[in-house]
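Got a structure for you, questions after.
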Amino acid sequence: MIYPPQCIACDALVTTDFGLCGTCWRETPFITGLVCESCGTPLPGEAGGGPVHCDDCLMIARPWTRGRAAMLYQDKARDLVLGLKHGDRLDLVRPAGAWLMRAAEPILRPGMLIAPVPLHWRRLFKRRYNQSAILSAEVARLARLEHCPDLLQRKRFTDSQDGRNRDGRFANVQDAVSLHPRRGKHAQGRHVLLVDDVMTSGATLAACAEACLAGGAAEISVLVLTRVAKES
């Protein structure tokens, strides 16, 4: 009665904690139906006919096997991600974890090791937390799988990927990620699930996947809260 549940996007009154009101739910582009097997981008057609891939994943060799995304990076979903990333909206982790789990269900496997995309220490110091690590911890908790928040490290500071084309994004993160010297052994022979908040070109996830594979990981899958998709 004193603190009634409010919509996490607009503060309107709702029936349950950590929920969206009807208006914001309709403006949040959750991904359902047929999706690209590699990145989770929604595709035209009906699910159930076997794995399919989007144009980007047909053109780019992905160093991971399967991928999923919970939402498209637009409208309310974009606002929520930016709030989590730059606005200290840690209250969003609980609902985001549930959305990630729903998207990840087809690719989760027993014995998976879950790890986040790392931040460089300079960016971590400025932001105070790694939003991808908080999301990956929630997914690991819900899925009851092992979590290694510092499996990977950024050994080189990289400028923002914003404003770069696809080739520029891949060049910007080349050789920027490696396995942690004391944690890397956890990836050997394991199926690693990499978690991030946003996927655009996939360059950062590719750098992380390649580092895991170079360290002896058996297989990589990826999971992101939002996917930047080309307009059709």
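Every number here is computed from the coordinates shown, using simple stated rules; none is lab data. This one's a predicted model, so the numbers in the text were calculated from it and none came from an experiment. Cβ placement follows ideal geometry from the backbone for every residue including glycine, while neighbour counts extend to all protein chains displayed.
Which of the listed residues, Ala133, Gln188, Ile220, is farthest toward the dipole's positive end in the chain, when Lys, Arg count +1 and Asp, Glu count -1 at the beta-carbon?
My answer, from the dipole projection, is Gln188.
What percent does the relative contact order of the chain come to when contacts are Cα pairs within less than 8 Å and at least six residues apart?
Details: 448 pairs, mean separation 48.3, N = 232.
Relative contact order of the chain: 21 percent.
What net charge do the residues around Val81 carry, taking every other residue with its C-beta under 12 Å from that of Val81, with Lys and Arg at +1 and Asp and Glu at -1?
Every neighbour counted, the sum reads +1.
I want the antiparallel fraction of DSSP beta bridges within the stretch 22-227, as a percent rounded to 5. Spell out each step's value before the answer.
Working: 5 of 26 bridges.
Just about 20 percent of them are antiparallel.
What range in the chain is the longest one free of GluC sites (Glu not before Pro) that are in a loop by DSSP and have at most 16 other Cβ atoms within 10 angstrom? Write down the numbers at each step before the final one.
Numbers: sites that count: Glu27, Glu46, Glu231.
Answer from the scan: 47-230.
Taking θ = phi - 60°, what integer Hz values does the Karplus form 6.51 cos²θ - 1.76 cosθ + 1.60 yield along the stretch 186-199, in sequence order, with x for Gly and Pro?
The phi angles translate into 5, 7, 4, x, 9, 8, 9, 9, 8, 10, 9, 8, 9, 10 Hz.
So, one more: Using a simple charge model, +1 on the beta-carbon of Lys and Arg, -1 on the beta-carbon of Asp and Glu, nothing else, what dipole does the chain show about its Cα centre, in debye to the nearest 20?
Numbers: 30 positive and 24 negative charges, 170 e Å.
Computed about the Cα centre, the dipole is about 820 debye.
For the pairs Lys126/Lys230; Lys126/Lys155; Lys155/Lys185, flag any whose C-alpha to C-alpha distance is greater than 22 Å.
Numbers: Lys126/Lys230 31 Å; Lys126/Lys155 17 Å; Lys155/Lys185 17 Å.
In this structure, Lys126/Lys230 exceed 22 Å between Cα atoms.
Run down the aspartates and glutamates and flag those whose C-alpha is under 12 Å from the C-alpha of Lys76, throwing out any fewer than 8 positions away in its chain.
Glu27
Quick check: the distance between the Cα centres of the stretch 80-126 and the stretch 147-195, to the nearest angstrom?
So the two Cα centres are separated by 15 Å.
Output the peptides 193-206, 67-80, 124-137 sorted from most to least packed, where packing is the average of other Cβ atoms within 10 Å over each peptide's residues. Intermediate results must be reported in sequence, preceding the final value.
Working: 193-206: 23.9, 67-80: 22.0, 124-137: 17.6.
Most protected by this proxy first, the peptides run 193-206, 67-80, 124-137.
Would you calculate, for the chain, the mean residue ellipticity at 222 nm contributed by helices, counting each DSSP H stretch of 4 or more residues as -39,500 (n - 2.57) and dividing by all residues, to the nearest 500? Write out the running numbers ahead of the final one.
Details: 8 runs with 73 residues, N = 232.
About -9000 deg cm²/dmol.
Any idea what % of Cα-Cα pairs in the stretch 59-104 are farther than 12 Å?
Values: 705 of 1035 pairs.
Summing the P(r) of the stretch 59-104 above 12 Å gives 68 percent of all pairs.
What is the sum of charges, Lys and Arg at +1 and Asp and Glu at -1, for the other residues whose Cβ falls under 15 Å from the Cβ of Arg127?
Numbers: positive: Lys85, Arg89, Arg122, Arg123, Lys126, Arg128, Arg154; negative: Asp88, Asp196, Asp197.
Summing Lys/Arg as +1 and Asp/Glu as -1 gives +4.
Would you mind counting up the charge near Cys148? Only other residues with Cβ under 12 Å from its Cβ, with Lys and Arg at +1 and Asp and Glu at -1. Write out the running numbers ahead of the final one.
Working: positive: Arg182, Arg183, Lys185, Arg190; negative: Glu146, Asp150.
Counting the neighbours of Cys148, the net charge comes to +2.
Starting from the Cα-Cα distance between Arg166 and Arg94, subtract it from 0.36 nm times their residue separation and give me the gain in nm to one decimal.
Result: 22.7 nm gained on full extension.
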